[in-house]
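Heads up: the structure comes next, in structure tokens.
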Number of protein chains: 2
Amino acid sequence: MSNKDERNSISEVTWDDYMPGISIDCVIFGYHKKELKILVLEYKKSGIFALPGGFLRKNEELKDATERVLFERTGLSDIYLNQFHTFGSLKRADTKPMQSVLKKNQVPFEENHFLLQRFVSVSYYALVDIKRVEPVADELSDSCKWYDTDTLPPLMLDHREIFETALKHLRNNINRNVVGMNLLDESFTMGELQNLHETILSEKLNRTGFHRKMMLSGRLKRLGKKKTGKAHRSPFLYKFLDA
Amino acid sequence: MSNKDERNSISEVTWDDYMPGISIDCVIFGYHKKELKILVLEYKKSGIFALPGGFLRKNEELKDATERVLFERTGLSDIYLNQFHTFGSLKRADTKPMQSVLKKNQVPFEENHFLLQRFVSVSYYALVDIKRVEPVADELSDSCKWYDTDTLPPLMLDHREIFETALKHLRNNINRNVVGMNLLDESFTMGELQNLHETILSEKLNRTGFHRKMMLSGRLKRLGKKKTGKAHRSPFLYKFLDA
DNA sequence: CTTTATTGTTACATAATGTAACAATAATAG
DNA sequence: CTATTATTGTTACATTATGTAACAATAAAG
């Protein structure tokens, strides 16, 4: 199960192998106990928090680069990915946070260090099964952890805006089954699916209407019943038909 | 009315002032006589067609750069703009078409000429009133013209894919009033609005249903009647309330 | 066996949408 | 002036989707 060693193996690659000016940022959503969470990095002792990100190699497809970044942080390689926006504000040109990070890491750097430039960030959101993820921090960070989206720490640069834009797109996307397929177990009860929708939308939904809509959508297959051990009728299990 | 002289004034700016590796491509939609059109550049005598595009200056906001590009091609500065996707395929790294363009233009170039690199393209679509546009070609092109989207010439690199993705996003966006607001005159009849929707969607719509839906949406204001000179009841004029 | 909690189902009201018919009216032809 | 024609605005009704409440089923606990 553990592939942490293989990850972060950028040793043979130098900054020269990367496209300048282009970065990739990822909002990695997970779901557990009625809470929507994202992965956040904390840079070593600097109190600076950031979204997981990376850069594009000169001979690499944009999507492949994103999958590589995601693999390095999560250990997963079959992840649902959605490119939702590219951020190019001049606010992003402020290199002070990254200078502070490099100092804290005692990395010697010149003014023209690769990390100290303006990056235009192509941003993706990802949906993952939180139980399959083994978060690993990158070289400059000492933690990569799940944070409840309701209580995020202050994020560096425009990363808060990136997260909020991602959430907006996720909410618009919630009717596609990929959302359930990647955030829930393979099989789930109708109640669990409704809880997921309510958490993402921050809105209570009507039980009967939700049930009917899901069944009429034709995207669910009903499996057997699930013994919950609770004192009431046992619910059916469902799974998504492939998109 | 003519501001063609002020446009294309990049004389004081050198390639050094631009971010490397990042380009901006624009799908500029217009509408005339039940036809959806886009602006396409033809490079001088090379038979190579491309979407209007440009580059991002080092001290420039991404959106400002796009508005600058649009102003240079159309002369308009108050344009509806939507960033819909960023294209980073390795297919884009093929510099042969651009080399051919430079040769045809008798521009001497080295292998490391700014235009001969891999660009990641941040792409926008724009909606404009075709009557207000005075298309102007750039230095390397000899024409910038409207083409019916049903009969586009073959486009360079992945520009065909960029156009198709833009059209998909426009179709999803058609219910926002910006679509009508920027592609039609300020006031229009219900029939003209329906024709626009049908053209964009490539689909016949029901007249009664369309009329009712538009009126119930609360986004239209009914003005006076319009004399058409035709032998039938004269239609009302409508305008969009501000979004 | 009764109670309790939650799920599945049915029923009915309301709203949205599809479709057809009809009424209004501006120009034209006689 | 009247009838005709073409297109628009409106109304009516059927169909479908959605909101809401009531009821039936049932697994565990008392």
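A few notes on this one:
- Only helices (runs of 4 or more DSSP H) whose full extent lies in segment B:151-230 are considered here, and the ones with at least 3 residues that are open to solvent by 70 Å² or more (accessible area, probe 1.4 Å) and either closer than 30 Å to B:Gln99 by Cβ or in the same structural domain as B:Tyr125 (by TED's automatic domain parsing) (or both) are B:159-172.
- The single residue among B:Lys63, B:Lys58 that is of a type outside the set (Gly, Ala, Ser), facing another protein chain (nearest Cβ under 10 Å), more than 30 Å from B:Asn177 (Cα to Cα) and out of contact with any Pro (no Cβ under 8 Å at 6 or more places or on another chain) turns out to be B:Lys58.
- Filter result for A:Lys45 (open to solvent by 30 Å² or more (accessible area, probe 1.4 Å), basic (Lys, Arg), outside the structural domain of A:Thr199 (by TED's automatic domain parsing) and not in a helix (DSSP H, G or I)): yes
- Of residues in segment A:229-243 being without any contact (Cβ under 8 Å) to a residue 12 or more places away in the chain and within 11 Å of DNA strand D (Cβ to nearest atom), the one farthest from A:Thr189 (Cα to Cα): A:Ala231
- The set of residues in segment A:127-143 being aliphatic (A, V, I, L, M) and within 13 Å of the chain's Cα centre (by Cα) consists of A:Leu127, A:Val128, A:Ile130, A:Val133.
- Residues that are open to solvent by 50 Å² or more (accessible area, probe 1.4 Å), out of contact with any Leu (no Cβ under 7 Å at 6 or more places or on another chain) and among the aliphatic types (A, V, I, L, M) are absent from segment A:76-84 altogether.
- Members of segment B:55-72 that are within 15 Å of the chain's Cα centre (by Cα) and open to solvent by 10 Å² or more (accessible area, probe 1.4 Å): B:Lys63, B:Glu67, B:Arg68, B:Phe71, B:Glu72
- Of the residues making up segment B:195-221, those that are under 30 Å from A:His169 (Cβ atoms) and of a type outside the set (A, V, I, L, M, F, W, C) are B:His197, B:Glu198, B:Thr199, B:Ser202, B:Glu203, B:Gly209, B:Lys213, B:Ser217, B:Gly218, B:Arg219.
- For segment A:111-126, the condition of being within 24 Å of the chain's Cα centre (by Cα) and in a helix (DSSP H, G or I) holds for none of the residues.
- The criterion of being surrounded by fewer than 21 Cβ atoms within 10 Å (Cβ to Cβ), part of a loop (DSSP other than H, G, I, E, B) and more than 9 Å from chain A (Cβ to nearest Cβ) does not hold for B:Pro97.
- The lone exception for A:Asp5 - which of (1) at pLDDT 95 or above; (2) over 22 Å from A:Lys96 (Cβ atoms); (3) of a type in the set (Asp, Glu) it fails: (1)
Residue-wise test of (1) aromatic (Phe, Trp, Tyr); (2) more than 15 Å from DNA strand C (Cβ to nearest atom); (3) modelled with pLDDT of 95 or more.
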| position | (1), (2), (3) |
| --- | --- |
| B:His169 | no, yes, yes |
| B:Asn177 | no, yes, no |
| B:His211 | no, no, yes |
| B:Met215 | no, no, no |
| B:Lys221 | no, yes, no |
| B:Lys226 | no, no, no |
| B:Ser234 | no, no, no |
| B:Asp242 | no, yes, no |
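- Among the residues listed as A:Phe84, A:Phe114, A:Phe49, the single one being under 27 Å from A:Leu152 (Cα atoms), more than 12 Å from every other protein chain (Cβ to nearest Cβ) and in contact (Cβ under 8 Å) with a residue 40 or more places away in the chain: A:Phe49
The values are calculated or read from the model by the stated rules, or taken from the named source; none is laboratory data. A quick note: this is a predicted structure, and the numbers were derived from the prediction, not measured. Here Cβ is always computed from backbone atoms with ideal geometry, including for glycine, and neighbour counts include all displayed protein chains. Just so you know, the surface numbers come from the protein's heavy atoms only, side chains and all, with ligands and any DNA or RNA stripped out. Shrake-Rupley method; radii C 1.70, N 1.55, O 1.52, S 1.80 Å.
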